[in-house]
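Trainee: Next up is a structure, given as structure tokens.
The values are calculated or read from the model by the stated rules, or taken from the named source; none is laboratory data. The shown structure was predicted, so the numbers you read here are calculated from the model rather than taken from an experiment. In this analysis, Cβ positions are derived from the backbone assuming ideal geometry, glycine residues included, and neighbour counts consider all displayed protein chains. The protein model used for the area step is the full one, side chains on, heavy atoms only, and it has no ligands, DNA or RNA in it. Shrake-Rupley method; radii C 1.70, N 1.55, O 1.52, S 1.80 Å.
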Amino acid sequence: MKIVVSDLTKTFQEKTALKDINLTVPQGAVFGLAGPNGAGKTTLIKIIMGLLLPTRGSVSIGGQPVRQDHRLKARIGYLADYQRFYPGFKVKDMFRLYRESYQGWSRERFEELRRLFNLPENIQVKHLSKGMHTQLAIILNLALRPELLVLDEPTSGLDPVLRRQFLTILMDEVAENGTTVFISTHQLHELERICDHLAIIHEGRLISSESLEELKQKVRKLQAAFATPLPAEVLQRPGILNVEQAGRVYGITVQDGLSELMAELRQFQPLFLDFVDISLEEIFIHRMGGEGYALKQILAP
Amino acid sequence: MPLNRYLPHKTLFWKDWKTSLPVFIPFVLFITFATTFYLQVTIIGGREFIGPWPEFAYFENRLLSNEFWFGIGLFLLTVALAAVPLGQERERETLGLLLAMPYSRKEILYSKVMVGLMQILIALVLNALLMSLLAWANPGINYFFGMPEIWGWAGHSLLVLTFIFCFTVLIATVSGTTWGNYILALISLWFPAGFFMLLFMSFIIWIDFPVEQLDDPIPLLRLSIDSLGHLAYLKTIPLWLIAFNDLITHQSAAAIGGRLAVPYLYSLLAILSLGLYAMAQFLFARNPLEKDGEVLLFERLEGVFKLVVITCFTLLAGPMLAGLFARGDDIRLFLIPSYLVAGGGTWYLVNRLLLWRRVR
């Protein structure tokens, strides 16, 4: 299911949470949304799910607005940032609520996930830990065989083993059913593992939205060593996102003007000059640094 | 037209029923205590079971003299029956979960209303059946009511409580908290009587009411509360009707010719209830979810809310403050400054309350 966000703006009283967001999530994509705390990720997800009304602009899923379309909602799984269930309900009551609400509910898938997470059924939801809440939400939302999964920080509260397990399940889901996934998380290494598209949002504005491949092609990291130190003006060229220096070895992250930079570097007769792998986390940090964001605050623990 | 078109979604109905049980159970127990119990007392009294238990007669007297409070109790519980389910969905943020599921807002509210009405119906029918059974099983006891009165009471109460329920549902679609729903519903239902009583109270201070009776704030407070109570009991439409929820009062009303007004009044109540429900659906469909937890969900209503609360509190507290400062002097000299102090104080408190909820 394709998601199209057009000219979306959302204000709360005087605060602008989202400003002129334009975004397209292609059908079958695993689309990651990254951004620091308070960037507007949850607000964007809530508007996509029809839970909040935009101040301006529109959102459509499969060509339809979702807010009042319960047929469309039946094809969407949603994991909120904090899982809220009826505290007086037992786990089996929640299963019943979902099973009877979604026509696409798959008993086989449900049994498979229930065995995997081994969640007790006769326990009241209010007695579950945060991680178990997330597990319950995962079971409920994957058992309904969604065509679109909207996930807001889905792995928060999960231990590393469960986190890995969840990502594997998610990738299986995509491989088996071609489910479109829209996922927001701070865990950039997770996004790198599963996403094929990435959008970065900061202070309510969309900084970039492109495929991971494009992004990694666009942002490159060079490693070079020189016999003499490089003049400062070389390292201050426009398009350079970051320079790391250890003695006469330089790590240069560059977004634009790569060929010109390489030509210039060659003039200084490098001892070696090559591309090195750059992680999504590094791209994110350098891009956000370019937006004036304090780098230390970018990554959540 | 198929009937099942009007039935709520069965899963939502089951979910709403289950989540509203903590309010429904006290509700049904209260009705049973306040109505059926009286019949049991009569039956036991008729069989002369009072003898070995002297406190019983006293208790019976207390019961009979408190029919007004039974009416009020039933009123308060009915307001809770409507205020709690939607308020709790908002406060626990489960409304977000529900709205992401394949249900329209209309279905969600409809199910809650149907569950509430079903609970009122069950409580009333259960009690009417119980009373009928008791009356049937104990022939020869001198009741002053019979089967028609028992079932008449159930039907009457159903209409009145439906009106109060629908009114509170409407309030619950504009308020973001359970207490907000509850208090705003109470204020709005009492407001017509309360407001005119407060105006009247201020008015009598300016005319020929004995001033010496007004310069002590405590009697003045009692006077205003008593007057509010009486006025609410007799004149406010919903409370006037609630007062007849008690079987005995219902019987007396019928005896003094209350039956004459009944068809018009009941038709009006049914139409009003439907109108209130339609308005609630209209507002719920436009609910901005992000303001959950605030006293008022719609910013445009804040001005009206402040005006109503400030006016009422100024009218209530103004004369009391004047009485406190007058100390034997003419209270009228202190009245206007007291109104200003009371109005200013209330304005400050209302703003702080709204801000406090917003920050939370």
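Trainee: For the subset of the range B:1-24 comprising residues that are surrounded by fewer than 12 Cβ atoms within 10 Å (Cβ to Cβ) and away from chain A (no Cβ under 13 Å), which member is modelled with the lowest pLDDT?
Mentor: If we take residues in the range B:1-24 being surrounded by fewer than 12 Cβ atoms within 10 Å (Cβ to Cβ) and away from chain A (no Cβ under 13 Å), then B:Met1 is modelled with the lowest pLDDT.
Trainee: Now for a separate question. Considering (1) buried (at least 20 other Cβ atoms within 10 Å of the Cβ); (2) free of Cβ contacts under 8 Å to residues at least 24 places away in the same chain, say which one A:Gln135 fails and leave the rest.
Mentor: (2)
Trainee: Then there's this: Select from the range A:73-82 the residues that are more than 8 Å from every other protein chain (Cβ to nearest Cβ) and either of a type in the set (S, T, N, Q) or open to solvent by less than 40 Å² (accessible area, probe 1.4 Å) (or both) and list them in ascending order.
Mentor: Listed by number, the residues that qualify are A:Gly77, A:Leu79.
Trainee: With (1) touching a residue at least 60 places away in the same chain (Cβ under 8 Å); (2) surrounded by fewer than 20 Cβ atoms within 10 Å (Cβ to Cβ); (3) not basic (Lys, Arg) as the list, and A:Cys195 as the residue in question, which single condition is left unmet?
Mentor: A:Cys195 satisfies all of (1) touching a residue at least 60 places away in the same chain (Cβ under 8 Å); (2) surrounded by fewer than 20 Cβ atoms within 10 Å (Cβ to Cβ); (3) not basic (Lys, Arg) except (2).
Trainee: Taking into account only those residues within the range A:1-53 that are out of contact with any strand residue (DSSP E or B) (no Cβ under 7 Å at 6 or more places or on another chain) and on the phi > 0 side of the Ramachandran plot, which is least open to solvent (accessible area, probe 1.4 Å)?
Mentor: My answer is A:Gly50.
Trainee: Just one of (1) open to solvent by 10 Å² or more (accessible area, probe 1.4 Å); (2) modelled with pLDDT of 90 or more; (3) within 17 Å of B:Phe167 (Cα to Cα) trips up B:Leu81, so point out which.
Mentor: Result: B:Leu81 fails condition (1) only.
Trainee: OK, next. Has the range A:86-101 got any residue that is of a type outside the set (Asp, Glu), within 14 Å of another protein chain (Cβ to nearest Cβ) and under 26 Å from the mean Cα position of the chain (by Cα)?
Mentor: Yes, that holds for at least one residue.
Trainee: If you don't mind, another one. Got a sec? Which of A:Ser156, A:Ser208 is assigned to a strand (DSSP E or B) and modelled with pLDDT under 85?
Mentor: Just a single option satisfies the conditions, and that option is A:Ser208.
Trainee: Scan the range A:13-58 for residues that are within 14 Å of chain B (Cβ to nearest Cβ) and either in contact (Cβ under 8 Å) with a residue 24 or more places away in the chain or within 24 Å of A:Glu213 (Cβ to Cβ) (or both) and report the count.
Mentor: Number satisfying all stated conditions: 14.
Trainee: Just need a number here: residues in the range A:58-72 that are open to solvent by 20 Å² or more (accessible area, probe 1.4 Å) and touching a helix residue (DSSP H, G or I) at 6+ places or on another chain (Cβ under 9 Å).
Mentor: 7
Trainee: Filter the range A:59-71 down to the residues that are more than 28 Å from A:Glu176 (Cβ to Cβ) and of a type outside the set (Lys, Arg), then identify the one that is nearest to the other protein chains (Cβ to nearest Cβ).
Mentor: Within the range A:59-71, the match that is nearest to the other protein chains (Cβ to nearest Cβ) is A:Gln68.
Trainee: Which condition number does A:Thr179 fail, the rest of (1) open to solvent by 10 Å² or more (accessible area, probe 1.4 Å); (2) of a type in the set (Ser, Thr, Tyr); (3) touching a residue at least 12 places away in the same chain (Cβ under 8 Å) being met?
Mentor: Tallying (1) open to solvent by 10 Å² or more (accessible area, probe 1.4 Å); (2) of a type in the set (Ser, Thr, Tyr); (3) touching a residue at least 12 places away in the same chain (Cβ under 8 Å), A:Thr179 fails exactly one: (1).
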